[in-house]
1. Please return the ranges of strands (runs of 3 or more DSSP E) entirely within the range 23-142 where 2 or more residues are more than 30 Å from residue 268 (Cβ to Cβ).
2. If you go through the range 327-338 one residue at a time, do you hit one that is more than 25 Å from residue 150 (Cα to Cα), not in a helix (DSSP H, G or I) and not acidic (Asp, Glu)?
3. So which residues in the range 345-360 are surrounded by fewer than 16 Cβ atoms within 10 Å (Cβ to Cβ) and either in contact with a Pro (Cβ under 9 Å, 6 or more places away or on another chain) or over 21 Å from residue 144 (Cβ atoms) (or both)?
4. Pick from 136, 86: which is touching an Asp or Glu at 6+ places or on another chain (Cβ under 9 Å), crowded, with 23+ Cβ neighbours inside 10 Å and hydrophobic (A, V, I, L, M, F, W, C)?
5. Residue 263: over 16 Å from the mean Cα position of the chain (by Cα) and either modelled with pLDDT under 95 or part of a helix (DSSP H, G or I) (or both), yes or no?
6. Of everything in the range 40-53, what is surrounded by 12 or more Cβ atoms within 10 Å (Cβ to Cβ) and more than 23 Å from residue 206 (Cβ to Cβ)? Give them in sequence order.
7. Determine which single condition residue 254 fails, assuming it passes every other condition in (1) within 24 Å of residue 96 (Cβ to Cβ); (2) surrounded by fewer than 22 Cβ atoms within 10 Å (Cβ to Cβ); (3) touching a strand residue (DSSP E or B) at 6+ places or on another chain (Cβ under 6 Å).
8. Just to verify a result, which residue in the range 139-159, among those that are β-branched (Val, Ile, Thr) and out of contact with any Asp or Glu (no Cβ under 7 Å at 6 or more places or on another chain), is surrounded by the fewest Cβ atoms within 10 Å (Cβ to Cβ)?
Amino acid sequence: MTDKNKKGQLADLIALTEIDGVGPTRLFQLINLFGSAEKVLAASVADLTDIPGIGRAIASNIKETQDRRRAAAIATEIEKKGWKFFLFDDSDYPAPLLNVADRPPFIFYLGEYLENDTNGIAIVGSRTASEDGRIFAETLATALAENNVTVVSGMARGIDTSAHRGAINSGGRTVAVLGSSLDFIYPPEGRDLAKKIIQSGAIFSEFLPGTIPFGPNFPKRNRIISGLSQGVVVIEAAERSGALSTAGHALAQNREVFAVPGSPRSEMSRGTNKLIKNGAKLLTSIEDIFSELPRLKGEVKVRQVLAIDDLTQTEKKIIESFSSGPVHIDILSRTAAVAVPELMQILLALELKGLVKELSGKRYVLNY
């Protein structure tokens, strides 16, 4: 598809989404029946009314209130801003979102979304988190990033910010989902963090240019945070909070939900403790995630790498050492029975193959 055609498809989708009564579920129903957003917009009132669930009022809205000129202008503005975007039927549309019933028909982003980012874990929680909560979020995000797991969050104050920072500071990848458009970074003090996220992953938004951080947008975006993830970790949440909204979406999307326990006397622990009481997995370390989602753990990745044909026996022995995450070069030397100078040459060869990467402190990790 050419950029011009894709821009035209975006404009058609924008026009359709702006029609009163056409939400994501109804939009996909119409597109499945007519073949494209363009054909839906061109359909007659009679043809639209024949569709189950589409009454004459909605059919009339589609015909009489569609504003394709405005939609085309918005698509041009997005192009000028340099925003990238996925359409729902693109081959590279984020795979985890494909089984989300109310997934966005288009989603804008800055940065890069890579295939490995589909192995994401969301970390969410209170904006007014305690110091212990923020430290735990950052520590957990660091451990996930070092195991090649992308950290997903909402870039809000508190737990979200700590999670993004933990991933970035460890050289890992992180994805943020905004409750505003990409040209309204919120909170304002998060602009520097946003720049770092763009360099280490991606920032997503389903909102059109000029959309301010309006209250109802945040619960709406939470379905994308959970949708982009294999599981959601909730760290500190009151009984009514956006983090619990994300957990609810995760359950509806068949994602794993984890919650960090806390004191029954703490307001910020009432939500997480309630989640655990209702069946969420109690989480105290990264191992709790890997026990429920073994495909994220290094053992799975190790088996995949060992299936590669052109590895030597020594390389395979070294790769097997990464099943539990990062390993210091001295420990690698002992477990693989290879002297450090020779080991460094082998590790360099594995790095050039894209199978291993070096972390800080002379530690290495599988990069696959």
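1. Of the strands (runs of 3 or more DSSP E) lying wholly inside the range 23-142, those with at least 2 residues that are more than 30 Å from residue 268 (Cβ to Cβ) span 84-87, 106-111.
2. Checked against the condition, which is being more than 25 Å from residue 150 (Cα to Cα), not in a helix (DSSP H, G or I) and not acidic (Asp, Glu), the range 327-338 yields at least one hit.
3. As a first pass, look at the range 345-360 and keep what is surrounded by fewer than 16 Cβ atoms within 10 Å (Cβ to Cβ): 345, 348-349, 351-354, 360.
Listed by number, the residues that qualify are 345, 348, 349, 351, 352, 353.
4. Values: 86 fails: crowded, with 23+ Cβ neighbours inside 10 Å.
Exactly one residue qualifies, and that residue is 136.
5. Spelling it out, residue 263 is indeed over 16 Å from the mean Cα position of the chain (by Cα) and either modelled with pLDDT under 95 or part of a helix (DSSP H, G or I) (or both).
6. Filtering the range 40-53 for residues surrounded by 12 or more Cβ atoms within 10 Å (Cβ to Cβ) gives 40-43, 45, 47-51.
Selection gives 42, 43, 45, 47, 48, 49, 50, 51.
7. Residue 254 satisfies all of (1) within 24 Å of residue 96 (Cβ to Cβ); (2) surrounded by fewer than 22 Cβ atoms within 10 Å (Cβ to Cβ); (3) touching a strand residue (DSSP E or B) at 6+ places or on another chain (Cβ under 6 Å) except (3).
8. Just the residues of the range 139-159 that are β-branched (Val, Ile, Thr), to begin with: 139, 142, 149-152, 159.
The next check asks that each one be out of contact with any Asp or Glu (no Cβ under 7 Å at 6 or more places or on another chain); those that pass are 139, 142, 149, 151-152.
Details: 139: 14, 142: 21, 149: 28, 151: 34, 152: 36.
Top of the filtered list is 139.
The values are calculated or read from the model by the stated rules, or taken from the named source; none is laboratory data. None of the values given here were measured: they were computed from a predicted structure. Reconstructed Cβ throughout: ideal geometry from the backbone, glycine too, with neighbour counts over all protein chains shown.
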